[in-house]
Amino acid sequence: MTSVTFQAVVEPARGGGHVLEVERELAERIGAKHMTRVRRTLDGTDYRSNVASMGGRLVLGVREMTLRAAGRDTGDTAAVTMELDTEPREKDR
């Protein structure tokens, strides 16, 4: 499966939480757009999420527990690897 790797800054999200910006060109390389499910790693910590369009940008949401597991916080730069998530999720079964 095709993946992309990039660096992103952990940003606070409106209404709480955190996001990482994804360049459109990188998202398009794997066929991702708004609400595409992806698997990714954040500094080696695996998790699943969606690409979302927010304020004209594409972003990935990051849960607090994922940030803690990766040893990252707001303002930190993190290494991200992302690929499409084609496996069903619990709520889809």
Go over the candidates Leu20, Leu26 one by one and state the one that is out of contact with any Pro (no Cβ under 6 Å at 6 or more places or on another chain) and part of a helix (DSSP H, G or I). Leu26
Among the numbered criteria (1) at pLDDT 95 or above; (2) more than 10 Å from the chain's Cα centre (by Cα); (3) on the phi < 0 side of the Ramachandran plot, which single criterion is violated by Glu64? (1)
Restricted to segment 1-46 and to residues being free of Cβ contacts under 8 Å to residues at least 40 places away in the same chain and within 19 Å of Arg89 (Cα to Cα), the residue least open to solvent (accessible area, probe 1.4 Å) is Thr45
Take Val80 and decide whether it is at pLDDT 95 or above, part of a strand (DSSP E or B) and touching a His at 6+ places or on another chain (Cβ under 8 Å). no
Test set (1) under 13 Å from the mean Cα position of the chain (by Cα); (2) in a loop (DSSP other than H, G, I, E, B) - Asp73 fails condition number: (1)
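The values are calculated or read from the model by the stated rules, or taken from the named source; none is laboratory data. Remember, predicted model here, so these are calculated numbers, not experimental data. Glycine gets a Cβ as well: all are built from the backbone with ideal geometry, and neighbour counts include every protein chain shown. With ligands, DNA and RNA removed, areas are computed over all heavy atoms of the protein, side chains included. Shrake-Rupley method; radii C 1.70, N 1.55, O 1.52, S 1.80 Å.
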